[in-house]
Structure formats: C-alpha cells, structure tokens
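In what follows, a single structure is set out as structure tokens and then discussed.
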Amino acid sequence: MFEARLVQGSLLKKVLESIKDLVTDANFDCSQNGFALQAMDSSHVSLVALLLRNDGFEHYRCDRPMTMGMNLTNMSKMLKCAGNDDIITMKADDAGDVVTFMFESPEQDKISDFELKLMDIDSEHLGIPDTEYAATVKMPSAEFQRICRDLSSIGDTVTISVSKDGVKFSTTGDIGQANITCRQNTSVDKEEQTVIELQEPVTLTFALRYLNSFTKATPLAPTVQLQMSKELPVVVQYLIADMGYVRYYLAPKIEDEETAGEA
Amino acid sequence: MFEARLVQGSLLKKVLESIKDLVTDANFDCSQNGFALQAMDSSHVSLVALLLRNDGFEHYRCDRPMTMGMNLTNMSKMLKCAGNDDIITMKADDAGDVVTFMFESPEQDKISDFELKLMDIDSEHLGIPDTEYAATVKMPSAEFQRICRDLSSIGDTVTISVSKDGVKFSTTGDIGQANITCRQNTSVDKEEQTVIELQEPVTLTFALRYLNSFTKATPLAPTVQLQMSKELPVVVQYLIADMGYVRYYLAPKIEDEETAGEA
Amino acid sequence: MFEARLVQGSLLKKVLESIKDLVTDANFDCSQNGFALQAMDSSHVSLVALLLRNDGFEHYRCDRPMTMGMNLTNMSKMLKCAGNDDIITMKADDAGDVVTFMFESPEQDKISDFELKLMDIDSEHLGIPDTEYAATVKMPSAEFQRICRDLSSIGDTVTISVSKDGVKFSTTGDIGQANITCRQNTSVDKEEQTVIELQEPVTLTFALRYLNSFTKATPLAPTVQLQMSKELPVVVQYLIADMGYVRYYLAPKIEDEETAGEA
C-alpha cells in the first residue's frame, strides 16, 4: 500500500507541469524514501529526474517499493482539477491497476477523488554519476526563462559561457545575432541574485528547444541552478521547497571545429 | 411602441452571453410585464427561458405585446460595443423592422445608437408545468462551473446524486473516473454556501456539454440553483439581480439498465 | 557613426509596435536632428511618419546623415527582448551593414546586445505639404481605439462627421447600422477630454481596417489628434512624450454621390 498526503497540493500540480511537455508516459518509483521519477524525453535527448522526499509529506506510507506507470497528459488533466489550496493525497494498492488522487478543499466542504488507470511502461534506469562541475551558476529562474525565450526568437541554439564575472548567453540566426550577459550580483537588496562558483571557465552550446521545455519548472522555485563541465551534460536544477528537486540533463552540441581539434 | 431603459446595462450584456452559444436566432417577447425569451438550443435538446420584469427597468413602456426576432450573434456584437457602466435603452416601433440599442456613458459624453435588423423566426412556445422537485441544491455558481469544466476533461456525462449530506458529481472516461462531493455548508463566514432541500434522494445523468453551456451564465449571479426529480429535466437557474432569471432545462440521460429495469 | 541612447527604452518598443503591422521593410533616416521614418503601408494606401528628435535622447550622435533599411518584423523581435525598464542604445558604423541594439537593465546586472542585419530598400520620400485643416479633434486615444474596433464588428468603413458640438462616427453593415457620438467635453475632472477646433464642419469616410492599424499606437499617448479637411487625407497623430510623434495619413473614400455632385 502506498499513501502520501501533501498539504501544499499545488506543488504536485507544478511538478507535473514541469515534466509533462517533455515526457508522455513515465514510471513513478515509490519507496520508503520518497516519490521519484527518472525519464528520457520522447526524442531521447534529455533526461529529467524528480525527487519528492518522504519527509516533505504530511503523511507518507509505502509498505514495499512499487512502480506506477502513468500517462502524464492524463495525470495532468486530473491534477488540474485540484484547487490551488487543496490538500492532495495519492493512494495505490500494492497490486492494483489504478492510482487515486484525492483533493480536499481547505474548508473540507469539497472532496474529490480521481482514479487514474496505470500502464505498463518499459524503462531503464540510468545511473547518473556524481560529478564535480567546473562551473555552477545560480540565477533567478524567471530571468533564465526570459533569456531562453528571447534568444529563441533569434536562433536555435545558445552558447553559454561562464567566467568569474558573469554568464553570457549567445545565439546567431538568419536575422542577426544576440548576446545577453548576466553579471554576478551580490547587492543585498535584491532577493534573487546571480551567483557564480567557478573552477575554470566553461563554454558549451545547447539546443534552445530543450532549455525552453525545462523552464516550465520556473513556478516551482525562485532560483535555478546550472552546473556545467566541458563535454558533460548541463544539469538544470529547480529545488522543490524543502522536499526535493526537478533536475534536467542535456548534452552539449559538439561543434565541428571542436571535433576537428580533438580528433 | 416598446422602450425599456436599463441603468445597469452590463446585465443585458451578460444575459446575452449566457444564451448566445446555445441559441442562434430567437424571438424576444415584449409585454407589459417584461422582456422575455423562450427557446430550444439549436440541437433541440435543452431549453432556455429568460425573464426581465418591467419593474427592473428605470423606464419601461410596451403599448402592445410584440415579438422581436433577433440573431443573437449579431445582437451580441452590438451589445459588446456598450461600456460596462453604460445605460442601455432598447427601442422598437410597433410595425418596425429594426430594434435600436442606445448606449449612454455615465458622463453622458458618449452616446451610441445601434440599429439591428429584425427577423421572422418560427417558434413554438412550450408550456413548462410548475413542479414540486424532489431535490433543490443551491451552490456557488463559480463552483458549479468549475466542476462541470473539470469533469469534462475526464468524461462526457455527469451523474448528479443529491442526498441530505451533499451533492456528488461523478463521471467516467477512458482514462479513469472522478467523483466530486460538495457537502452542505452552513458556516456563516462564507458568503456563498451549498444548501440542499430534499424530499427524497435523486440521481440523474446529464450530458456535460450542455451543462457547460449553461454555466456561461455564471457572471450573472453568485449562486446557481439546481432542481431535480426522477426522470424530469433538471432546472438550472441563475437569478438576475431583483428583476428576473435565466433558466435552463435539460432532460436526463436514460441508462440502458434503468430502461431495462423499468420495461 | 550613429549612436543614440534612450533612457525610457520602452518608448522605442511601443513605436515599433505602432508601425510594424503597417510596414514590413522601411528605411530609418538618421541625421543630426533626430531619428525619423516615412513609409507607405504595404498596400500603398496609407502613409506613416515617425520622428524622434535628438534632444529626446540622453545621448545622441550622428556624424553624417545615414539611412538604415530594416525589416520591422525582425527589429520588433529584437526589441521585444528588452525589458520595459531597460535603457536602449542604438549604434551603427557609417559604412556598416548591421545596427546594434544594446539593452541595459536598471541595475546594470544584465547587458544585452542584439545585432540586426541592414537591408537595401528602395523608397521615395514624399513631401507632405503643411496644411490648415478645417477640423481638429483631440480625444482620448483609448476611446478612439475602442470606437474603431467596435464599429469594425458592424461595417467596413466609418464616416466621421465633425461639428462644433462633437464628432460622430457612423457605419453600416449587413446586420444593421451604428452611430457613436462623442461630445465636446470640457469638464475639469477628467484628464483626457474631447476638444474640437473647427473652421467648418467636415464629413469624410475611411476604411476602418487602416484606422484600426493606426490605433496600435495607443500605448504611446493618452490623446490622439485627428485633422481633417474636405477631400484631403486625415492626419492621425500620437505625440511621443516630448520628443516627437507618430503620424498616419489616410485618404478618404470618394462616395459615388459626392463624385456625381462635384462633376
């Protein structure tokens, strides 16, 4: 038996909005430790990993580890029926073929239960090695979202260059080119700041299309963290209150010149 | 001669929004008592009835009963040109082929008159018998709208069950099923409450598509009233300030099982 | 070398929104006096003229007159990437083939530069004679926008009649007709007023489609000015703070009757 009660139900709604455009069907892994998901996007280019730790739930019970395959479009349809102030409880029997989402309004005068059919989904679990990254950028998540969207109107890819002074986002397209630089900002009067931790400068190029999908997680957290090392996938992380995270991984584009130089 | 002046002109705009998706062409019946309409929706499944009583108008004059056939899409185009604070006056000559809508801005510095061509429309007037209903539910109109919209994302029909404790809305679809229960709520601190008057419990099933059309009347009133009896059409009523109502009638779906049981 | 720094960068964004639907490619004329544009719309029916005087910029330098041909759709894509509080600087070399837009956030923690490719565009500069107009109407720009939009739902053309009491906008269509009259309004408590200066009454008819395009300039100014004389194009003018204007010229439609009467 699995049962998890989340007082701040809107978090679960936002989590789903952050992954449903990237992944259609996915297995959620429930264990004593929490509620997790790892999935490739449908074009098998990027990876999303979600963790909601057990201690973030008001009540959490998972008698034995279980995997629940869900269509995220349908799950999203149901979660959209929860009010933003509702308490959400997820329930499933060990051998059942449905998961139940219960929504309770704050005044307890409206109680809804939505039963979603489970699916069998093939999936392989990738091990993600713990890595020291050459550069870590923390910046306002809304700023990162705005930059990815703005550059998409000019080009298809973005080159991100991190130095100790700031992070530069560049693109080129048919109509011209664009550079946006965010400087390290440690003024105290701004709540969300751009902070850079650097082992060595890094420059990587990514497809904007995927970064734009990742920024669907913006409502989850005021800050986004980018971790980058040469030739490694970037990790784009949004923390979920005190209970977990959504992380996205995307491999950099290999430039022809670089390939030539390294051959 | 017909002439009716409505200081709160936005009411007439909202009335039209509440019926124009359901009915394309309709006859308005003007009499000494007021301004009324009764019409089947274009698929002849549901019925809408509107009444604006003469005493709700600042000025009301109707020398002899007259019927004005209007295309509601065109009427809506004209009423959308009225400001929300405008005073609206309707005028028509006894033998004329147009109706004039006059809009006056509150400061009287903008005066508009819109002349709509009238049409000949065949219509029959249905007698609606006064009935004692087994169950009457009053609930916040925004809540009813939300429930109908939410359930439409899961299924096509809704089963409404009224008991003394509350009203339950249920649906089933390909992706799963859903139940939403609103409990009777008599706490004093909420303005809009769910109140149930019950002769006997009732359970009826309706096409969500029509209920969703009915909820276009939500801006007219904070409360909606559902009246239900076994095998009878539900009456969904929105009161219009102190001057009348919009009522919708929709026959329940007959389940195969019920039919079999009753045969 | 051309360089112009505009502290209120949002003005330039609004200017572009006000002309980009009417004109696709256009030459901007930079001189010591300011930054200007004159262009026919793509159907060669209306004319738009823009002026931003040098003294409206915080910094302005133009070593020699130059013409920069830009695709306004692409220019708009870039300017949309500027924040509403950003400072915008335009830069171009005398013999260059690009113009650079630099955006600085108020806190100087985000600096963007966007480079737009220039184009060669054929254009002829029309002389617009200074004229005394028979009627000048100043009215709230939002009101004028609303009237043009509202009348478009009824008909294709608008007849504007100016008398000393007010200005009347009329249209006729398949579904009926409409007249909207704005009275001269000199009450002190309203900020935006309708004020009429009249040599002689004027009545002219225009295509609503173009007037609706002109009202894209509404965010630029609280007041619009219409100048009209018999058989002459109307001038629709929006002032840009203290630094210039956007003006639109549109020839009146010649009615068959009028033509006959004047032949």
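Each value in this text was obtained by applying a stated rule to the coordinates, not by laboratory testing. Predicted, not measured: the structure shown is a model, and the values here were computed from it. Don't worry about glycine lacking a Cβ; one is built from the backbone with ideal geometry, like all the others, and counts go over all protein chains shown.
Taking R0 as 51 Å, what's the FRET efficiency between B:Q108 and C:T67 from their Cβ-Cβ distance, rounded to 0.05? Approximately 0.50, to the nearest 0.05. For the protein assembly as shown, a crude dipole built from +1 on the beta carbon of Lys and Arg and -1 on the beta carbon of Asp and Glu, taken about the Cα centre, is about 760 debye to the nearest 20. According to the calculation over all Cα-Cα pairs in the protein assembly as shown, the P(r) per 20 Å bin from zero is 13, 31, 38, 17, 1 %. The calculated FRET efficiency for B:S10 paired with C:N212, based on their beta-carbon distance and R0 = 30 Å, is about 0.75.
Ordered shortest first, which distances in nm separate the 7 Å Cα→C-beta label point of C:R61 from those of the other copies? Inter-copy label distances (nm, one decimal, shortest first): 7.5, 7.5. Under a 10 Å cutoff between Cα atoms, tell me which one of A:D120, A:D25, A:D130 has the largest fluctuation in the Gaussian network model of chain A. Maximum among the listed residues: A:D130. Using a cut-off of 28 Å between Cα atoms, the listed pairs A:K216/C:K110; C:K20/C:K138; A:K117/B:K164; A:K20/C:K110; A:K138/C:K20 include A:K117/B:K164; A:K20/C:K110; A:K138/C:K20 as exceeding that distance.
Expressed as a rounded percentage, what relative contact order does chain C have, with Cα pairs under 8 Å and six or more residues apart?
Relative contact order, chain C: 20 percent.
Distance from the alpha carbon centroid of the range A:2-31 to that of the range C:130-147 works out to 56 angstrom. For chain B, modelled as a GNM whose springs connect Cα atoms under 10 angstrom apart, the maximal fluctuation among B:P65, B:P233, B:P252 occurs at B:P65.
Charged side chains reduced to their Cβ positions (Lys and Arg at +1, Asp and Glu at -1) give chain A a dipole of some 540 debye around its Cα centre. The modelled label-to-label distance between A:A36 and B:D165, using points 7 Å beyond Cα along the C-beta direction, is 4.0 nm. Here the Karplus curve 6.51 cos²θ - 1.76 cosθ + 1.60, taken at θ = phi - 60°, turns the phi angles of the range C:135-151 into couplings of 9, 10, 10, 10, 8, x, 5, 5, 5, 4, 4, 4, 5, 4, 5, 4, 5 Hz, with x standing for Gly and Pro. Computed over chain C with a Gaussian network model linking Cα atoms closer than 10 Å, the most mobile of C:D21, C:D29, C:D109 is C:D109.
Residues whose amide H comes within less than 5 Å of that of A:A134, counting only those at least five positions distant or on another chain, are A:M228, A:S229, A:K230 (H built at 1.01 Å from N in the peptide plane).
Computed extension length for C:I254-C:H59: 65.6 nm, one decimal, from 0.36 nm per residue of separation with the Cα-Cα distance subtracted. Between amide H atoms placed 1.01 Å from N, distances below 5 Å from B:F28 occur with B:M68, B:G69, B:M70, all of them 5 or more places distant or on a separate chain. Between copies, the label points at C:N84 (set 7 angstrom from Cα along Cα-to-Cβ) are spaced 1.9, 1.9 nm, reported in nanometres from shortest to longest.
Couplings for the range C:14-23, taken from phi via the Karplus curve 6.51 cos²θ - 1.76 cosθ + 1.60 with θ = phi - 60°, read 5, 4, 5, 4, 7, 10, 6, 6, 8, 10 Hz in order; Gly and Pro are left as x. With distances taken between every two different alpha-carbon atoms, the range C:1-139 has a Kirkwood hydrodynamic radius of 15.9 Å.
Position A:H125: other-copy label points at 7.3, 7.3 nm, ordered by increasing distance, label point 7 Å along Cα→C-beta. Remark: relative contact order (the range C:2-117) = 30 percent; criterion is Cα-Cα distance under 8 angstrom and separation of 6 or more residues.
Relative to the current alpha-carbon distance between C:D156 and C:V98, full extension at 0.36 nm per residue lengthens the span by 16.8 nm. Dimensions of the range B:78-233 from C-alpha coordinates, computed as largest minus smallest value along each principal axis and given longest first, are 53, 42, 36 Å. Converting phi to 3J(HN,Hα) with the Karplus coefficients 6.51, -1.76 and 1.60 and the offset θ = phi - 60°, the range A:124-133 yields 10, 9, 8, x, 10, x, 6, 10, 7, 9 Hz in sequence order, with x at every glycine or proline.
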